[in-house]
Amino acid sequence: MISILQTEFFRLKKSKLFWILLAVTAVLPLISALLNLGLFMLAEGTYEIEGIEVNMWELLRSSDMLGSGLAGLTSFMGDSFIALICTSIFLSKEFSGGTFRNMLLANKSRRELYLSYLTVAIVIGAAFLGASFVSTFVFWSAIFGFGGLSATTVITACLITIGMGLVSTIFVQTMMCMFMFGTRKLAVALVCPLVIAIIAPSILFSFVDTLTVFGVISEADLSWIPLYNAGLLTSVTDVDGALIGKILMYNVPLSVFFGFMGWVRFRKADLK
């Protein structure tokens, strides 16, 4: 298994696609921060809100923009889709090029192959998460400041961002591996996780919000809805332990399920 990992990480290091998409991921937080800054600059000036004069720039510097920016990394709709694109294309070449069949002929077990490539997929996802986290923290804190947050709060927010971001990354990457090893087709491995983890939550948000307006679902029940509750984590500086627990209650078992089902399908797959 170690030899397989060494080979794959060497190939990854030589992959132009990986480095290009990683650079894109690192630049996106800067673009997002500048767009937000531009919107505030359009409204620059002093305004009277409820009888109190408020300077928009001072309001911006005192707001929790950093917490909101970091919270975006914890959801499926963050930069997980870029890592998904990179991983699915990278691993699909192993099937199209016959690498898996050749490794089996070299007396490598299917378990070794599956665990190795699942590890590679998660490492790729973690690399993209790390690039996005560092870029978001550096640029958003430099532009918007820390909003008066204490050092303890900032450190806690960073740890929550990394932890929840990794959970979302593993969720998406194990799901991609399930489809990849089950069908060995790039289109399926790319489109299905995108629909389930990226598009479906957006549709679910609209559907649930509509039901909430008509009173079918109470606001107290929203945090229990799978996929939907991940989008409720809008700030990592004001910690809601109950919400985080409910998100983990769904996403961790589902990640294990995806990983297991991928192995079940690949164990009996015909690689000829």
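The values are calculated or read from the model by the stated rules, or taken from the named source; none is laboratory data. Quick caveat: nothing in here was measured; it's all calculated off a predicted structure. Please note: Cβ atoms are built from the backbone with ideal geometry, for glycine as well, and neighbour counts cover all protein chains shown. The area values use the complete protein model at the heavy-atom level, side chains included, leaving out ligands, DNA and RNA. Shrake-Rupley method; radii C 1.70, N 1.55, O 1.52, S 1.80 Å.
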Notebook entry, point to check: Any chance segment 53-65 includes a residue that's within 30 Å of Ala187 (Cβ to Cβ), among the hydroxyl-bearing types (Ser, Thr, Tyr) and at pLDDT 65 or above?
Noted result: no
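Give the number of residues within segment 180-202 that are under 18 Å from the mean Cα position of the chain (by Cα) and free of Cβ contacts under 8 Å to residues at least 24 places away in the same chain. Spell out how you get there, then give the answer.
Within segment 180-202, the subset under 18 Å from the mean Cα position of the chain (by Cα) is 189-202.
Remaining after also requiring free of Cβ contacts under 8 Å to residues at least 24 places away in the same chain: 191-192, 195-196, 199.
So the count comes out to 5.
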Note to self: Need the failing condition index for Ile198 against (1) more than 22 Å from Leu115 (Cα to Cα); (2) among the hydrophobic types (A, V, I, L, M, F, W, C); (3) open to solvent by less than 60 Å² (accessible area, probe 1.4 Å); (4) modelled with pLDDT of 90 or more, just the number.
What the structure shows: (4)
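Quick grid of which residues meet (1) surrounded by fewer than 20 Cβ atoms within 10 Å (Cβ to Cβ); (2) of a type in the set (A, V, I, L, M, F, W, C); (3) at pLDDT 85 or above:
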{"residue": "Leu105", "(1), (2), (3)": "yes, yes, no"}
{"residue": "Ser116", "(1), (2), (3)": "no, no, yes"}
{"residue": "Ile122", "(1), (2), (3)": "no, yes, yes"}
{"residue": "Ser132", "(1), (2), (3)": "no, no, yes"}
{"residue": "Thr153", "(1), (2), (3)": "yes, no, yes"}
{"residue": "Ile170", "(1), (2), (3)": "no, yes, yes"}
{"residue": "Val188", "(1), (2), (3)": "yes, yes, yes"}
{"residue": "Cys192", "(1), (2), (3)": "yes, yes, yes"}
Check: Which of the residues that make up segment 221-272 are more than 26 Å from Ile203 (Cβ to Cβ), without any contact (Cβ under 8 Å) to a residue 24 or more places away in the chain, outside any loop (DSSP other than H, G, I, E, B) and open to solvent by 60 Å² or more (accessible area, probe 1.4 Å)?
Finding: Phe260
